[in-house]
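Participant: Before we start, here is the structure in question, set down as structure tokens.
The values are calculated or read from the model by the stated rules, or taken from the named source; none is laboratory data. Computed from a predicted structure; not experimentally measured. No Cβ is skipped: glycine too gets one built from the backbone with ideal geometry, and neighbour counts run over all protein chains shown. Surface areas here come from the heavy atoms of the whole protein model, side chains and all, with no ligands, DNA or RNA. Shrake-Rupley method; radii C 1.70, N 1.55, O 1.52, S 1.80 Å.
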There are 2 protein chains.
Amino acid sequence: MRVSEIGEDALITRIAARLDRPPAGEVWTGDDAAVIASPARRLLLTTDLLVEGVDFDLSWCRGADIGWKAIAVNASDIAAMGGRPHVAVASLSLRGDIGVGTVDDIVDGLGAASRRWAIALVGGDISGAREVMLSVAATGVLASAPPVLRSGARDGEAICVTGTLGAAAAGLAVLRARDRPEDGFAGLVERQLRPRARVEEGVALARCGATAMIDVSDGLAVDLGRILDASGTGCEVDPGAVPVDAGVGSLARARPDLVPDALEAAMLGGEDFELLFTIDEADLPAAREALLALATEVTRIGTVVAGRASVGDEDLERWRERGWQHLHGR
Amino acid sequence: MRVSEIGEDALITRIAARLDRPPAGEVWTGDDAAVIASPARRLLLTTDLLVEGVDFDLSWCRGADIGWKAIAVNASDIAAMGGRPHVAVASLSLRGDIGVGTVDDIVDGLGAASRRWAIALVGGDISGAREVMLSVAATGVLASAPPVLRSGARDGEAICVTGTLGAAAAGLAVLRARDRPEDGFAGLVERQLRPRARVEEGVALARCGATAMIDVSDGLAVDLGRILDASGTGCEVDPGAVPVDAGVGSLARARPDLVPDALEAAMLGGEDFELLFTIDEADLPAAREALLALATEVTRIGTVVAGRASVGDEDLERWRERGWQHLHGR
């Protein structure tokens, strides 16, 4: 059955049946607004938008991937403040020719990611449109530390990043390739389709004294630039220290048509949703240890400095410009 | 300058410059998530989506109208719970050929409506797309009473509605007419382009003991049906009591090609954002008085009854079916 045949209330009923049930005293779907227990003195609020043809394409991903990612990117934003996501609402626009099964899939993906990060999906809105679009807004709660803003980086601090970079962009290149060479590169594809939000890592880093933090959604160059702009500082980044995902290196060697340069994929690729942060050198060992307890590597890639922002011999600005071009061509 | 020429960060900076500044201790735009003071023990959360070609068309409205409406419909959802809206985030998708001035306009409309209902617009997301889409999510705070759900209607209670109905749909017909007969019908056009949310009315009705409440967004027939479904009750509605907007009557007489039937516009039109509620007859005089203090009329249109839902001699279900057809053809 298609979306255009089922009607809005029937579609909402169908969606609600796939979602979790609220605890006593709360109201989720089915009314004008959700009622939720207010969890904390300070609330975090964020929203992220996925658009068909820009952020995903149903020719290379399933509805469940879209739903998963819409939650993950919001959870990642909350994580990058040092908070835990709490509740979310989703706005979904649908083409009339989309199958109702695809909507079920999207909702299941929303549900799976919500459960993964303990987010209550409490409501939403649907509308007809000429393209599929999924916007999620999520609240978050600060754990024990103040929020980690982008503006807190100070000269002399270490610049670090969790995990590895470039995998999501490489996975996208694999998915878009006509010959679909997924077999050897399932890990990269997974990073594109099922990104993880570093929620516990963000909470731990806030506790360990991270001074500035952002999630790497638009590429290391662009997102590092945002921290430096907000903090009014520069940097010295060692390009050799950037933790390029091993699979990206393999793909670049096997299929240079897909990934011409592994470092470039790591610097510009985006959508890795790793946490990029600055921290006093004295606090770094404890942060590293706290994240190792979560099985997450921390790599120091450089130092915050007054003045110029550089990556090896190059200005960061040149990388940023290429990053923007990359983003707009994506 | 066009959206495709300016770049995301420059566009966000431009947008942020048009928004209000946060109070001390809060962080709004410019970071991964907004940080806001958590206001209450229970939080309301809602989201609503406006899509180009479905909910608006730039051939008959300006960017500022879209921004205004996106906030108003969320405020109206919060009002229909008996709450006051608190903070909001907006997701905006843009065609590349949209002028940056139109984006400024949308943001100004968001800002104007936010100030009108004392909502802090604290952040958002933008993306490219093939159509303009604006999704707002808003939190709300319950005033002094518990939330007024759709499910609380009980047999014997009065069914009432604030203000007048049909004006927004009639305004849409005027806007879409080729000959644009706005001159005599500016009030109807205003109701379509600049809907008001009945926030203080909702708070007052919650305090006066309204037992079920919904905002009339999809038409009286459809939205009344939602209250009855949720409450497991029926109704006797007097079609002669439905408060058809006077301007709708005038338009129906002058231009039956645009509005063939005034009652039908009121029953099926939608987007009036009046509050439809049920209340014990004993509490009705106080509710009426409280709303008159806000210069808002309350009209009793019928009674909640066990069993059949009827509008005069007809089943409400027949009106609902026509309401759905109307919604999908809108």
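Participant: For segment A:251-295, which positions are of a type in the set (D, E, K, R) and at positive phi?
Facilitator: A:E271
Participant: Looking at A:G312, is it within 13 Å of another protein chain (Cβ to nearest Cβ) and either open to solvent by less than 90 Å² (accessible area, probe 1.4 Å) or in contact (Cβ under 8 Å) with a residue 40 or more places away in the chain (or both)?
Facilitator: no
Participant: Sticking with this structure for a sec: If you go through segment A:180-190 one residue at a time, do you hit one that is touching an Asp or Glu at 6+ places or on another chain (Cβ under 9 Å) and under 24 Å from A:M81 (Cβ atoms)?
Facilitator: So far as segment A:180-190 goes, no, none of its residues is touching an Asp or Glu at 6+ places or on another chain (Cβ under 9 Å) and under 24 Å from A:M81 (Cβ atoms).
Participant: Name the pairs: first residue in segment B:3-18 and at negative phi, second residue surrounded by 15 or more Cβ atoms within 10 Å (Cβ to Cβ), Cβ to Cβ under 6 Å, at least 6 apart or on different chains?
Facilitator: Listed by first residue and then by second, the contacts come to B:V3/B:L94; B:V3/B:I98; B:I6/B:V100; B:I15/B:V107; B:A16/B:T29; B:R18/B:V107.
Participant: Against the definition (within 14 Å of chain B (Cβ to nearest Cβ) and assigned to a loop (DSSP other than H, G, I, E, B)), how does A:R130 come out, yes or no?
Facilitator: In short, yes.
Participant: Tell me yes or no: at least one residue of segment B:126-133 is open to solvent by 30 Å² or more (accessible area, probe 1.4 Å), touching a residue at least 24 places away in the same chain (Cβ under 8 Å) and closer than 19 Å to A:M133 by Cβ. Quick ask: steps written out before the conclusion?
Facilitator: Kept after step one, since they are open to solvent by 30 Å² or more (accessible area, probe 1.4 Å), are these residues of segment B:126-133: B:128, B:130.
From what's left, touching a residue at least 24 places away in the same chain (Cβ under 8 Å): B:128, B:130.
Then drop every residue that is not closer than 19 Å to A:M133 by Cβ, which leaves B:128, B:130.
Yes, some residue in segment B:126-133 is open to solvent by 30 Å² or more (accessible area, probe 1.4 Å), touching a residue at least 24 places away in the same chain (Cβ under 8 Å) and closer than 19 Å to A:M133 by Cβ.
Participant: Within segment A:244-256, can one find any residue that is open to solvent by 10 Å² or more (accessible area, probe 1.4 Å), in contact with a Pro (Cβ under 7 Å, 6 or more places away or on another chain) and within 25 Å of B:G7 (Cβ to Cβ)?
Facilitator: No; the residues of segment A:244-256 include none that is open to solvent by 10 Å² or more (accessible area, probe 1.4 Å), in contact with a Pro (Cβ under 7 Å, 6 or more places away or on another chain) and within 25 Å of B:G7 (Cβ to Cβ).
Condition check ((1) part of a helix (DSSP H, G or I); (2) free of Cβ contacts under 8 Å to residues at least 12 places away in the same chain) across all residues:
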site	(1), (2)
A:G247	yes, no
A:S250	yes, no
A:P256	no, yes
A:E289	yes, yes
A:A295	no, yes
A:V304	no, no
A:G323	yes, no
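Participant: Related question: For A:D108, indicate whether it is assigned to a helix (DSSP H, G or I) and either within 11 Å of chain B (Cβ to nearest Cβ) or aromatic (F, W, Y) (or both). So that I can check it myself, show each step before the final result.
Facilitator: Values: assigned to a helix (DSSP H, G or I): yes; either within 11 Å of chain B (Cβ to nearest Cβ) or aromatic (F, W, Y) (or both): no.
Considered against the rule, which asks whether it is assigned to a helix (DSSP H, G or I) and either within 11 Å of chain B (Cβ to nearest Cβ) or aromatic (F, W, Y) (or both), A:D108 comes out as no.
Participant: A follow-up question, please. I need the full set of residues from segment B:140-149 which are more than 7 Å from chain A (Cβ to nearest Cβ) and touching a His at 6+ places or on another chain (Cβ under 9 Å), in order please.
Facilitator: Here is the first cut: in segment B:140-149, the residues more than 7 Å from chain A (Cβ to nearest Cβ) are B:141-146, B:148.
The one that is more than 7 Å from chain A (Cβ to nearest Cβ) and touching a His at 6+ places or on another chain (Cβ under 9 Å): B:V141.
Each row is one residue, and each column tells you yes or no for (1) in contact with a helix residue (DSSP H, G or I) (Cβ under 6 Å, 6 or more places away or on another chain); (2) among the polar types (S, T, N, Q); (3) closer than 27 Å to B:D31 by Cβ.
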{"residue": "A:R253", "(1), (2), (3)": "no, no, no"}
{"residue": "A:A265", "(1), (2), (3)": "yes, no, yes"}
{"residue": "A:F277", "(1), (2), (3)": "yes, no, yes"}
{"residue": "A:L284", "(1), (2), (3)": "no, no, yes"}
{"residue": "A:L291", "(1), (2), (3)": "yes, no, yes"}
{"residue": "A:T296", "(1), (2), (3)": "yes, yes, yes"}
